[in-house]
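What follows is calculated from the coordinates using simple rules that are stated; it is not laboratory data. It should be emphasised that the depicted structure is a prediction, and the values quoted were computed from it without experimental measurement. So basically every Cβ, Gly included, is an ideal-geometry build from the backbone, and we count neighbours across all protein chains shown.
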Amino acid sequence: TIDQNRLTQAVQQAALSQHIELKIKTELLQDQPWERAWMENFHPMRFGHRLWVIPRDRQLPSDAQDAVTMMLDPGLAFGTGTHPTTSVCLQWLDGVDLHGQSVIDYGCGSGILGIAALLLGAESVTGIDHDPQALIASRQNADENGVIQHLTLLPTGEPIDKQYDILLANILASVLIELAPLLTEMVKPGGKIVLSGILLDQAGMVQQAYEENFSLNPPQQLDDWILITGKRLPQPSID
């Protein structure tokens with residue numbers, strides 16, 4: 001059991017440490033599967049011109065023509081398309097030619113980005129995550145969308161012995177900075193990076209971590225979040 005008073009005090013102290021005033025109201029609620037209750041308000045969403053993400057058991061809007069449709073059951077893993085960091089990645093994927101491309105999705109969560117890439121024409125996707133539940137959700141979602149045969153799922157830390165045409169990473173900015181050397185080596189010369197999970201005031205630091213090895217495009221902004229994309233520069237020849 002949780003000591004309600006101690007929990008309330010802890011939340012208030014944390015808020016005060018950030019100079020935030022809170023009024024906390026507590027209410028005893030009947031237990032239910034909270035991880036899925038939110039899905040009642042999860043509706044079909046469009047990203048770019050073609051891509052639609054639709055919760056399981058929902059119908060595509062009748063006016064959606066030439067749609068590329070993804071059915072999604074996020075399970076317990078992050079990534080439904082509702083958050084700006086995911087949305088801006090999906091819009092980017094919808095706007096590029098993915099046919100024949102190899103993609104790695106670092107921090108795959110529910111698998112939404114990798115599955116979208118496959119549905120939009122990518123040849124293969126490798127998804128990586130440290131959370132076993134994320135890998136389970138990714139596998140289930142890929143199977144439901146008929147692309148499981150083109151998806152490889154690996155836990156974080158598994159050796160990667162190849163380079164990819166496109167790297168997607170929708171993770172924390174601090175992790176993007178820390179892993180810059182590792183993520184860089186996963187991208188072919190001439191390949192693309194797509195980095196998300198970056199707040200506006202963090203963009204400069206992330207750019208600095210990648211600008212030596214990539215020709216970076218102007219950042220794209222959605223609400224308070226930034227998308228950084230770029231093309232890997234040719235590797236210097238060794239005489």
*Beta carbons within 10 angstrom, averaged per residue: use that to sort the peptides 203-210, 113-120, highest first.*
113-120, 203-210
_Students often check this: by mean Cβ neighbours within 10 Å, which of 46-56, 192-202, 171-181 ranks highest, and how do the rest follow?_
192-202, 46-56, 171-181
*Calculate, in nm to one decimal, what I24 and D224 gain on full extension: separation in residues at 0.36 nm each, minus their alpha carbon distance.*
69.4 nm
